[in-house]
Amino acid sequence: MSEQAVYRFRVRGRVQGVAFRAHTQARAQDIGVRGWVANAADGSVVGEAAGAPEALEAFRAALNSGPRAARVDQLDWQSVEAAPVQAGFVIAPDVAG
């Protein structure tokens with residue numbers, strides 16, 4: 001089994017109301033990344049992703065492009081200490097930040 005890493009991300013741009021979370025969930029499931037994604041009150045999309053480094057790199061590229069109707073202006077991608085992440089990849093309730 002390859003080494004696992006965990007990243008937190010925030011995507012800014014036109015990312016709400018364009019199926020960005022559903023697109024993110026589908027890509028994560030295709031790639032084999034675990035975690036969650038949610039809309040944030042400031043209009044961004046936030047989440048956490050865990051998986052093998054090569055899977056996370058592919059997932060990061062998917063976040064940078066988003067679905068067709070989206071426009072990604074900025075992607076913040078920060079490594080965090082490994083924390084328990086549930087199995088699968090879920091769309092979580094909206095968050096304040």
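Karplus-based coupling profile of segment 62-76, in residue order and whole Hz: 5, 5, 5, 9, x, x, 3, 7, 7, 9, 8, 8, 7, 10, 8, with θ = phi - 60° in 6.51 cos²θ - 1.76 cosθ + 1.60 and x standing for Gly or Pro.
Could you please report the charge total around A92, scoring K, R as +1 and D, E as -1 over all other residues with beta-carbon less than 10 angstrom from its beta-carbon? Before the final figure, lay out the partial values.
Values: positive: R21; negative: E48, D94.
Local charge sum for A92: -1.
For the chain, the relative contact order comes to 44 percent (Cα pairs under 8 Å, sequence separation of at least 6).
Multiplying the residue separation of R60 and E81 by 0.36 nm and subtracting their alpha-carbon distance yields 5.8 nm.
Specify whether the C-alpha gyration tensor of segment 1-58 places it in the rounded, prolate or oblate class, a ≥ b ≥ c being the square roots of the eigenvalues: rounded for a/c under 1.5, otherwise prolate if a/b is larger than b/c and oblate if not. Taking the square roots of the gyration eigenvalues as a ≥ b ≥ c, segment 1-58 is prolate.
If you sort the three axes of the alpha carbon gyration tensor as a ≥ b ≥ c, you get a/c of 1.5 or more for segment 32-77 and a/b no higher than b/c, which makes it oblate. For F89, the residues whose modelled amide H falls within less than 5 Å of its own, excluding neighbours fewer than 5 places apart on the same chain, are G35. This model, with +1 at the C-beta of Lys and Arg and -1 at the C-beta of Asp and Glu, gives the chain a dipole about its Cα centre of some 380 debye.
With a cut-off of 12 Å between beta carbons, the residues surrounding A55 carry a summed charge of -1, where Lys and Arg count +1 and Asp and Glu -1. Kindly identify the chain as rounded, prolate or oblate by the Cα gyration tensor criterion: order the square roots of the eigenvalues as a ≥ b ≥ c, call it rounded if a/c is under 1.5, otherwise compare a/b with b/c, prolate if a/b is larger, else oblate. Prolate shape, in that a/c is at least 1.5 and a/b is the bigger ratio. Were the residues from Q4 through A41 laid out at 0.36 nm apart, the gain over their Cα-Cα distance would be 10.3 nm.
Any read-out appearing in this document is the output of simple, stated calculations on the displayed coordinates, not a laboratory observation. Treat the numbers as computed from the prediction; the structure is a model and nothing was measured. Neighbour counts are summed over all protein chains in view; Cβ atoms, including those assigned to glycine, are modelled from backbone coordinates with ideal geometry.
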